[in-house]
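Visitor: First the structure, which I've put down as structure tokens, then a few questions once you've had a look.
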Amino acid sequence: METPGHLIVDVARLDEEGESFSGETAAGLLDLDADPICTPEGGITYQIHVERIGSELLARGRVSHRFQCKCSRCADRFALEVVDPSFFADYPVAEGTEYVDLTPEMREAIILILPGYPVCREECKGLCARCGANLNRETCACGPAPDSSWAVLDLLVKR
């Protein structure tokens, strides 16, 4: 049984070989709408194969989600797709269990992969620490930045 908000598997009607499910959950399911760094776009996209083995329900496949993020280096907005290509979850199925909701584990998989400090690209130069200019778009007259945050302390030692 698939609903617009969640992926719910009807355990009693599941084929012996298992079944494949694909689609997209409802938007806002990640509950990250107030996050200032990464804002979700749409729902979680999934392609999952579910099968019952003994008293367990195994779910394997791929889950992904699109985000609009703010770069941690230059503060520009950029699109990011977070993908778990080897999603796996297992659920104990007790006697009389009719339905299993796969949505919480899909949500958790996406949140765990979401970077804490997203960058628009690896070669992003960021902002000038002195004037705030975006070094990807312009050069500033501030000169080269110190080698590290400890450079000022190194000057004290050399005196």
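The values are calculated or read from the model by the stated rules, or taken from the named source; none is laboratory data. Since this is a predicted model, take the numbers as computed values, not measurements. Cβ sites come from the backbone with ideal geometry, for glycine too, and all protein chains shown count toward neighbours.
Visitor: Quickly run through the stretch 6-23 and pick out the residues that are assigned to a strand (DSSP E or B) and either buried (at least 16 other Cβ atoms within 10 Å of the Cβ) or touching a residue at least 24 places away in the same chain (Cβ under 8 Å) (or both).
Guide: First, pick out the residues of the stretch 6-23 that are assigned to a strand (DSSP E or B): 7-10, 19-23.
Result: Leu7, Ile8, Val9, Asp10, Glu19, Ser20, Phe21, Ser22.
Visitor: Next question, about the same structure. Considering only residues that are touching a His at 6+ places or on another chain (Cβ under 9 Å) and either over 16 Å from Leu102 (Cα atoms) or modelled with pLDDT of 90 or more (or both), which ones fall in the stretch 22-43?
Guide: In the first step, residues of the stretch 22-43 are kept if they are touching a His at 6+ places or on another chain (Cβ under 9 Å); the result is 25-26, 29-30, 40-43.
Passing the criteria: Pro40, Glu41, Gly42.
Visitor: Now, a different point. How about the stretch 115-159: which of its residues are in contact with a Ser or Thr (Cβ under 8 Å, 6 or more places away or on another chain) and modelled with pLDDT under 90? Full working, then the answer.
Guide: So in the stretch 115-159, the residues in contact with a Ser or Thr (Cβ under 8 Å, 6 or more places away or on another chain) come out as 117-119, 133.
Result: Ala133, single match.
Visitor: I'd like the full set of residues that are under 17 Å from the mean Cα position of the chain (by Cα) and of a type in the set (Ser, Thr, Tyr), limited to the stretch 14-61. Walk me through how you get there before you give the answer.
Guide: Taking the stretch 14-61 and keeping what is under 17 Å from the mean Cα position of the chain (by Cα), we get 24-47, 61.
Scanning the stretch 14-61 gives Thr25, Thr39, Thr45, Tyr46.
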